[in-house]
Amino acid sequence: AGVQLPPLRPNSGPPMAGANDEVSGSWDKVLGSSVQDSKSFGLFDFSRDQALRGVQSEQFSQALQDSAKLARKVRALQDQLTITSAKKEAFRAQAQRLEKEFRKGREQADALQKELLESKREAGECSREAQEAVSMMTEMRKAHIAEVKLLQRGLAQRSGDGGRNRVNEMADLVDKVGRAVVQRDEAIRDKTQMQAQLNKAMRDLRASADECNRLRKKSKSLGDALSEAKRKGQYKPPRVSQDTGEDSDCEFEYELQQFEKRFEILEEGPAGLDVLASNLSKDKQDLEKRCRSQQETIRSLNNTIENWKALGAEKDQQITELSAKVEKVFKERALLEEQIAQKQREIADQVEEERKALQQRIEELELECDNARAAADGMEKASTRLTRELVKVHEQYTGAPPAAEASAAALPGPVKGERVAAEQGFEAKTGEILDLEVYKDGDAVELVVREGAQGQEHRIKLDPDLIGELDQADPWADLFSRVGMDPGPQRRAVISTKLSEKEVQLGSGDAPVLLTVYRYSARRFFVTGVDLLTQKVLNLSVTEGMMTPEIEARLKACGSDGEVFEALASFVRLGSDGAGLALA
């Protein structure tokens, strides 16, 4: 063992264990022919076979040491591969768990989206019902205004002690109509509050939709990260053969060469696996953080859904209450309509009776008028004959030319036709006291206006279109209410022109008023309005004495009736006592 042998030449060693007998024989022949006994060989007490066996034993011991080193390396690689496989299985289990949580989050997001669409649909239905309620309220307002005008006209036509009870009944009816209007306004305020709450709910729904979209994008990014983690975790390390059977030297050398090749390939493997393991650990931590944040978001969304459900239940309760109120208003409106119809029938019967009485009285007065006209004609003829006689006498004594014909030509001609209406001492909207008469001759209608007992007489031919604009129930009363005087350069009687009728807001804090403006001349107007809350009639006569330079300049700049209405309405305000109108 302590002898140092010289190095062997290549291909000069003995054959490997397990070689066939022919190779051994050829090796012995070579040794026998080439190797000679050394002179110093006799000093040692062992033969050639012992030397060969010593060389072989050293080679075998070296091979065993190399094999042990390689076995240790293989065991270390197997341990690293086992750890990597365990980490890969853990990552796979975690990826599956994250995938389940991601799928659950997606299902919750779909449920939230469905609830959001349902809430949008309910909001659309509520908005449509609100629009229908607004249109219905508008129709009710127009109907109430028409009814109030009719009742006011009926009350204006009634007078005397005999109709006092009926006037009280009509006043009660007007009071009920006013209360109905107040209830309608309360319903409008409730509708406004509901609209504000609905707008808030729509904003919250839009915010929830944006949050759902954000969560959907976040879920998609998490899904991509999960797919990337799965892809990174799909590495399959090569499995080491566990075959413990005895191999030949050639097979061992072949396996050793293959192992060296694999070792060279996997020389950087542990470092790469460590880097991969650290990356996967970081991805795992990121996914856990995202999962926790998503769970918190889901909990917050669930709380939001519960709040929305509670708010929806509250809205349903409010809608139920409003529906009950609307139904109650409908019932009261139906009752009022029935009472109004009954009062209208009673008023129509009373008006018919009074009309018959008035017709009989008119016939009596016409008979008296005919008798008086016949007597007046006789007196006029006698007066004419007397005048002629006086003229003749005057001509005989003075020789003056006749002037009767000139004076007769200066006076207006006699009125033709039948008198159908008359009013004595009527106070016009422009402030004058007028005597009014209407004569009708076929289709021609003429209005005769006298200003005072000794005033000038004015005649106006009435156009059929103007007659068509009048109230057909009592056209002549409506006509007399529109008659006034234009100071003009030439003073004359006129019939006012209706400029426009609109609902306006007089001032910032005043109630809405249905305003109507009539024009008599460029500087005379009559303004009337109806307060839509109290149903009170408000009037204002505008004359040239009330005009300020600012108002006159504003009116002169207007080019149409609508502009004149808007300009004059901008200066009209409620009076200090609230019982009339005034100019600002």
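Quantify, in whole percent, the carbon and sulfur part of the accessible surface of the stretch 328-397 (1.4 Å probe; protein heavy atoms only).
C and S fraction of accessible area: 55 percent.
Counting Lys +1, Arg +1, Asp -1, Glu -1, what net charge surrounds A63 among other residues with beta carbon under 12 Å of its beta carbon? Display every interim value, and only then the final one.
Details: positive: K69; negative: E58, D66, D249, E253.
Combined, the nearby Lys, Arg, Asp and Glu give -3.
For the stretch 432-584, give the percent of accessible area contributed by carbon and sulfur heavy atoms, probe 1.4 Å, rounded to a whole number. Could the numbers behind the result be given before it?
Numbers: 3660 of 7580 Å².
Reported share for carbon and sulfur atoms: 48 percent.
Per residue, what volume in Å³ does the convex hull of the Cα atoms of the stretch 451-494 enclose?
Working: hull volume 3.8 nm³, N = 44.
Convex hull of Cα atoms, per residue: 86 Å³.
Can you find, among V494, L574, L540, the residue farthest towards the positive end of the dipole of the stretch 482-583? Put +1 on the C-beta of Lys and Arg, -1 on that of Asp and Glu.
V494
Given the C-alpha centroids of the stretch 525-580 and the stretch 81-99, what is the distance between them in whole angstrom?
88
Near V445, within a Cβ-to-Cβ distance under 10 Å, what is the net charge of the other residues, with Lys and Arg +1 and Asp and Glu -1? Provide the component values of the computation, followed by the final result.
Values: positive: K440, K461; negative: D441, D443, E446, D463.
My count for the surroundings of V445 gives -2.
How much length is gained on full extension from D349 to E503, taking 0.36 nm per residue of separation minus their Cα-Cα distance?
Details: separation 154, 0.36 × 154 = 55.44 nm, distance 3.41 nm.
Stretched out fully, the D349 to E503 stretch lengthens by 52.0 nm.
Name the long-range amide H neighbours of L538: under 5 Å, sequence gap of 5 or more, or other chain; modelled H, no Pro or chain starts.
Residues meeting the amide H criterion: G529, V530, D531.
Here are some pairs, K142/K191; K88/K220; K69/K230; K114/K220; K217/K315; K498/K556; which of them have Cα atoms lying more than 30 Å apart in this structure? Mind showing how you got there, number by number?
Details: K142/K191 19 Å; K88/K220 24 Å; K69/K230 36 Å; K114/K220 19 Å; K217/K315 32 Å; K498/K556 18 Å.
In this structure, K69/K230; K217/K315 lie more than 30 Å apart at Cα.
Determine which lysines satisfy two conditions relative to K343: a Cα distance under 17 Å, and not lying fewer than 8 residues away in the same chain.
Leaving aside lysines fewer than 8 places away in the same chain, those within reach of K343 are K149, K176.
Going by accessible area, probe 1.4 Å, with all protein chains left in place, what is the ranking of K230, K498, largest first?
The ordering from most to least exposed comes out as K498, K230.
Ignoring ligands, DNA and RNA, what accessible area per residue does the stretch 469-584 give at 1.4 Å, in Å²? It would help to have the intermediate numbers written out before the result.
Working: 5560 Å² over 116 residues.
In whole numbers, the stretch 469-584 has 48 Å² accessible per residue.
Which residues' amide hydrogens lie under 5 Å from the amide hydrogen of T430, considering only partners 5 or more residues apart or on another chain, with H built in the peptide plane?
It is M485, by chain and number.
The values are calculated or read from the model by the stated rules, or taken from the named source; none is laboratory data. The structure presented is a predicted model; accordingly, all values stated were derived computationally and were not measured. With ideal geometry, Cβ positions are generated from the backbone for all residues, glycine too; neighbour counts draw on all protein chains shown. The protein model used for the area step is the full one, side chains on, heavy atoms only, and it has no ligands, DNA or RNA in it. Shrake-Rupley method; radii C 1.70, N 1.55, O 1.52, S 1.80 Å.
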